[in-house]
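The values are calculated or read from the model by the stated rules, or taken from the named source; none is laboratory data. Not measured: the values here are computed from a predicted model. Because the Cβ atoms are built from the backbone with ideal geometry, glycine has one as well, and the counts that use them run over all protein chains shown. Accessible surface is based on the protein model in full, side chains and every heavy atom, while ligands, DNA and RNA are left aside. Shrake-Rupley method; radii C 1.70, N 1.55, O 1.52, S 1.80 Å.
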Amino acid sequence: MLRLLVIGKMKRSWSKTFVQKQGIGKVLIQEGLERCRTLGYELVFLIGHPEYYPRFGFQPAGLHGLELKQFEVPENVFMVCELKEGVLQRIKGELKYPETFF
């Protein structure tokens, strides 16, 4: 069975007092992905900024035959990060967010 995660938007709810460009988001994402690897997850999906997330290994999911039809988003913002090498070569299809995500 394939083990994957879908992560939601990372948002600064304290934005009025928070100063950007301190690297906090970067550290959170790196630590989160490392914990996912440690826990045995093979893929992580997200809808995110196409210029930010590739630095962490995310790629447009459509390049790997993966689709998202539940939401109308540009193809380049539906992304996947392969945590276990070779997994993206074995799967194709549509990701469906579970009801609990909403």
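Report yes if some residue within the stretch 85-100 is acidic (D, E) and surrounded by 12 or more Cβ atoms within 10 Å (Cβ to Cβ); otherwise report no.
no
Test G48 against the criterion of being at pLDDT below 95 and either open to solvent by less than 60 Å² (accessible area, probe 1.4 Å) or within 9 Å of the chain's Cα centre (by Cα) (or both), and give yes or no.
yes
With the structure loaded, tell me whether C81 is modelled with pLDDT of 95 or more, part of a helix (DSSP H, G or I) and surrounded by 13 or more Cβ atoms within 10 Å (Cβ to Cβ) or whether it fails that test.
Judged against the criteria, C81 is not a match.
Can you report the number of residues in the stretch 37-67 which are in a loop (DSSP other than H, G, I, E, B) and among the charged types (D, E, K, R)?
Matching residues across the stretch 37-67 total 2.
Of these, E34, E67, which one is within 14 Å of V6 (Cα to Cα) and surrounded by 11 or more Cβ atoms within 10 Å (Cβ to Cβ)?
Of the residues listed, the single one that is within 14 Å of V6 (Cα to Cα) and surrounded by 11 or more Cβ atoms within 10 Å (Cβ to Cβ) is E67.
Of (1) outside any strand (DSSP E or B); (2) within 19 Å of K26 (Cβ to Cβ); (3) in contact (Cβ under 8 Å) with a residue 12 or more places away in the chain, L88 satisfies all except one. Which?
For L88, the exception is condition (2).
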